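First comes the structure, then the notes that go with it.
Every read-out reported here was derived from the displayed coordinates using simple, explicitly stated rules and does not represent laboratory data. Treat the numbers as computed from the prediction; the structure is a model and nothing was measured. Cβ placement follows ideal geometry from the backbone for every residue including glycine, while neighbour counts extend to all protein chains displayed.
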Ligand SMILES: N[C@@H](CCC(=O)N[C@@H](CS)C(=O)NCC(=O)O)C(=O)O
């Protein structure tokens, strides 16, 4: 059994979706970020940066793993799914691009545009433009390939999709990005994605473009 320490955020949803996709038995332990539970000393032992998601794999000597990209790689390797060896170099590039660029930049856009509008014209403009650029870059990639790392759905898509699933907060106009929309809608139909999306709130519906 895998224990998933998480919250209902895009980074949290990456792992619930992956666990649903590979059909592993898991239980969710909620970390209430609003109550600052991520700073509890017990949690810091498994999450040195005080962030969700983290997993403990009780089928593997209680191994704990932090950082969503590292968790996806671990689960991909263990299950032999969505992380094929032949295509690993491509998958790693798109996964690292998500971890180092797509997630952190769109996360800043959420901070300035969604949570704190009107507080910093510079911040709002900067991250709006970067998010728009990310939409364009992903759209261009998906014009050429069915999925981010090529012809198959992989952990790179699983890492990126939950960020685009916040498109209503972005105000970039997902529907205008035809290839990104095609990819987004196709992944939205996967039963594991629907289940993983609702892992903390069964009333949630995936927002369509
Ligand atoms: N690079 C980390 C980022 C994780 C992250 O930013 N988690 C946020 C929620 S989405 C968090 O735990 N924030 C609490 C905090 O920073 O205090 C990963 O991908 O796992």
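The table below gives the values:
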item	result
Order of 154, 29, 160, 9 - criterion: other Cβ atoms within 10 Å of each residue's Cβ, fewest first	29, 9, 154, 160
Inter-probe distance in nm under a simple model that places probes 7 Å from Cα toward Cβ, at residue 186 and residue 79	1.9
Residues 35, 44 arranged by fewest to most Cβ contacts within 10 Å	35, 44
Rel. contact order, % - alpha carbon contacts under 8 angstrom, at least six apart, the stretch 85-195	31
Taking 68, 50 and counting other C-beta atoms within 10 Å, the order from fewest to most	50, 68
Pairwise centroid distance, computed over Cα atoms, of the stretch 122-167 with the stretch 1-65, Å	24
MRE, 222 nm, helices only [DSSP H, n ≥ 4, -39500 (n - 2.57), over the chain, to nearest 500]	-14500 deg cm²/dmol
Cα gyration tensor, the chain - rounded (a/c under 1.5), prolate or oblate	oblate
Normalised contact order of the chain, rounded percent, pairs of Cα under 8 Å and 6 or more residues apart	24
Percentage relative contact order, the stretch 2-81, counting C-alpha pairs under 8 Å, at least six apart	35
